[in-house]
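First the structure, in the form of structure tokens, and then the observations on it.
The values are calculated or read from the model by the stated rules, or taken from the named source; none is laboratory data. These figures come from a predicted structure and were not determined experimentally. Here the Cβ positions follow ideal geometry from the backbone for every residue, glycine too, while neighbour counts run over all protein chains shown. Note: accessible area is taken over every heavy atom of the protein model, side chains too, but ligands, DNA and RNA are not part of it. Shrake-Rupley method; radii C 1.70, N 1.55, O 1.52, S 1.80 Å.
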Amino acid sequence: MNIWVDLVNSPQVLTLAPVIAELERRGHRTIITSRDFAQTVALADAAGLRHTPFGRHGGARGRGAAVRANLERVALLLRWLRHERVDLALSHNSYSQGVAARLHGIPFVTMMDYEHHRANHVAFRLARRVLVPGGTLAVVDNISPDEISTADLIARVEDGIYIVGDKSWSIDMQRYNFQFTGQRFFRIRDGRLDGQVRDVAYQATTTDFWNSMEAVGGAATWRLGGAFNCGKAQPGQVAAVSHGCPSALFRKVNVLNTRAEGGR
């Protein structure tokens, strides 16, 4: 199968690069396009992805400019598709890919982790399938994935840290190397919480971190967080955002004592 993957924002390179590798491992041919926005093109190059850039972002000039930029990109993609054989289009909610695929008669599959933005519903209506986060990566003591609690995940840990919430963070421009802290920290010993601790941070690369995830909690562990500034892209976007997630278990993540690291 010839699968067209469209990368339109920086984080999508890290999200979709493993998907592309797996598709190719299974014998599919991937055709990759990108958009000149933020660090998308540079990240795709750094990841060794063979891609063709089309179009730009509308910038911070208002909704009209964003619509025009997307329509111009649709026109570019349609001209490109005349010379390509594509069986399936796949992206993380690329509006321009969805429109171009529909006009060209190509089945369109989109990934999405935030359904409340009105513009995202454009892609939903164009898509043959919408992929959303869910499920678990491991069976925990024969418990149904929807019933896995935070306590069930903690019970699997012999020696570790339970981190609640988020606080300060540091991440490079490529969204690759990062360090985060939390709001509360508890030591885990022999599958049980063993007191609260302080001055904790954890660091990793994005790909190593998500590849270290062993299991995900059920629906009851899901919590919604939010921020007043989404803090992404160039030019910077300022918008209130929310992001929910369940409890999750990660193995072999580098944990720091920030007080000791700071020489205090």
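Within the stretch 123-132, which residues are open to solvent by less than 70 Å² (accessible area, probe 1.4 Å) and either polar (S, T, N, Q) or not in a loop (DSSP other than H, G, I, E, B) (or both)? If you could, list the steps in order and put the result at the bottom.
Restricting attention to the stretch 123-132, the residues satisfying the condition of being open to solvent by less than 70 Å² (accessible area, probe 1.4 Å) are 123-124, 126-127, 130.
Residues satisfying the conditions are A123, F124, L126, V130.
Any idea which of R29, R50, R63, R68 is basic (K, R), farther than 15 Å from G98 by Cα, open to solvent by 30 Å² or more (accessible area, probe 1.4 Å) and under 22 Å from the mean Cα position of the chain (by Cα)? Walk me through how you get there before you give the answer.
On the way: R29 fails: under 22 Å from the mean Cα position of the chain (by Cα); R63 fails: under 22 Å from the mean Cα position of the chain (by Cα); R68 fails: under 22 Å from the mean Cα position of the chain (by Cα).
Only one candidate qualifies: R50.
When you scan the stretch 215-234, do you find a residue that is part of a loop (DSSP other than H, G, I, E, B), open to solvent by less than 70 Å² (accessible area, probe 1.4 Å) and free of Cβ contacts under 8 Å to residues at least 24 places away in the same chain, even just one? First the steps, then the outcome.
Step one: of the stretch 215-234, the residues part of a loop (DSSP other than H, G, I, E, B) are 217-218, 222, 228-234.
If we keep only those that are open to solvent by less than 70 Å² (accessible area, probe 1.4 Å) too, we end up with 217-218, 230-231, 233.
Filter once more, keeping what is free of Cβ contacts under 8 Å to residues at least 24 places away in the same chain: 230-231.
Yes, the conditions are met somewhere in the stretch 215-234.
Scan the stretch 253-263 and tell me whether some residue there is of a type in the set (V, I, T), open to solvent by 50 Å² or more (accessible area, probe 1.4 Å) and closer than 30 Å to A44 by Cα. Talk me through it step by step, then tell me what you get.
First pass over the stretch 253-263, keeping only residues of a type in the set (V, I, T): 253, 255, 258.
Keeping just the survivors that are open to solvent by 50 Å² or more (accessible area, probe 1.4 Å) gives 255.
Now restrict to residues that are closer than 30 Å to A44 by Cα: 255.
So far as the stretch 253-263 goes, yes, one or more of its residues are of a type in the set (V, I, T), open to solvent by 50 Å² or more (accessible area, probe 1.4 Å) and closer than 30 Å to A44 by Cα.
Could you tell me which numbered condition A89 fails, if it satisfies all but one of (1) small (G, A, S); (2) modelled with pLDDT under 90; (3) not in a helix (DSSP H, G or I)?
Every condition holds for A89 apart from (2).
Determine the pairs where a residue that is aromatic (F, W, Y), located within the stretch 1-22, has a partner that is in a helix (DSSP H, G or I) and at pLDDT 90 or above with Cβ atoms under 8 Å apart, the partner being 6 or more residues away or on another chain.
W4/Q97; W4/A101
Considering (1) without any contact (Cβ under 8 Å) to a residue 60 or more places away in the chain; (2) more than 30 Å from N9 (Cβ to Cβ); (3) surrounded by fewer than 13 Cβ atoms within 10 Å (Cβ to Cβ); (4) basic (K, R), say which one R187 fails and leave the rest.
For R187, the exception is condition (3).
Out of all the residues in the stretch 80-122, which are small (G, A, S) and surrounded by fewer than 23 Cβ atoms within 10 Å (Cβ to Cβ)? Can you show your working first?
At the first step, the residues of the stretch 80-122 found to be small (G, A, S) are 89, 91, 94, 96, 98, 100-101, 105, 119.
Within the stretch 80-122, G105, A119 qualify.
Identify, by number, the condition in (1) more than 25 Å from T206 (Cβ to Cβ); (2) in contact with a helix residue (DSSP H, G or I) (Cβ under 7 Å, 6 or more places away or on another chain) that L43 doesn't meet.
Here L43 clears every test but (1).
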